[in-house]
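Participant: Sharing a structure, written as structure tokens. Questions coming.
The values are calculated or read from the model by the stated rules, or taken from the named source; none is laboratory data. Predicted model, so just to flag it, every value in this text is computed and none were measured. For neighbour counting, all protein chains shown are included, and Cβ atoms are generated from backbone atoms with ideal geometry for every residue, glycine included. SASA here: full protein model, heavy atoms, side chains in, ligands and nucleic acids out. Shrake-Rupley method; radii C 1.70, N 1.55, O 1.52, S 1.80 Å.
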Amino acid sequence: MAIIFTFRAQDGQGPLYKQLARYFRQEIAQGHLVSGEFLPSIRQLTRNLKLSRTTVEAA
């Protein structure tokens, strides 16, 4: 099953990598990401989210 992320960056909400990390924490807290479930690869996330590899790695 493919995971679909709906992350959208918001102006004035801090660095992009922190926004992305916060988004992932919220997804875990809401039960959308469960223990033992793998995230897509960094390269796949960069394509899907249209972010740089450095930003995704830092998050």
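Participant: Are there any trypsin sites (Lys or Arg not before Pro) in the chain that are in a DSSP loop and have at most 14 other Cβ atoms within 10 Å? List them by number.
Facilitator: Answer by residue number: R8, K50.
Participant: About its Cα centre, how strong a charge dipole does the chain have in debye, to the nearest 20, once Lys and Arg get +1 and Asp and Glu get -1 at the Cβ?
Facilitator: With Lys and Arg at +1 and Asp and Glu at -1, about 180 debye.
Participant: Using only alpha carbon pairs under 8 Å that are at least six residues apart, calculate the relative contact order of the chain and give it in whole percent.
Facilitator: It comes to 38 percent, rounded to a whole number.
Participant: Further question on the same structure: At 0.36 nm per residue, minus the direct Cα-Cα distance, what do S41 and T6 gain on full extension? Give it in nm, one decimal, please.
Facilitator: So the chain would gain 11.0 nm between S41 and T6.
Participant: Tally up the carbon and sulfur contribution to the accessible surface of the chain as a whole percent, 1.4 Å probe, everything protein left in place.
Facilitator: Whole-percent figure for carbon plus sulfur exposure: 51.
Participant: Just the number please: accessible area per residue for the chain, 1.4 Å probe, all protein chains included, in Å².
Facilitator: Here the residues of the chain average 78 Å² of exposed surface.
Participant: Filter the chymotrypsin sites (Phe, Trp or Tyr not before Pro) in the chain to those in DSSP coil with at most 11 other Cβ atoms within 10 Å of their Cβ, and list the result. Intermediate results must be reported in sequence, preceding the final value.
Facilitator: Numbers: sites: F5, F7, Y17, Y23, F24, F38; in loops: F5, F7, F38.
Within the chain, the qualifying chymotrypsin sites (Phe, Trp or Tyr not before Pro) (loop, at most 11 other Cβ atoms within 10 Å) are F38.
Participant: Another question about this same structure. Quick one: net charge around R53, please, counting Lys, Arg +1 and Asp, Glu -1 for every other residue with C-beta under 13 Å from its C-beta. Walk me through the numbers before you get to the answer.
Facilitator: Numbers: positive: R43, R47, K50; negative: E57.
With Lys, Arg at +1 and Asp, Glu at -1, the net is +2.
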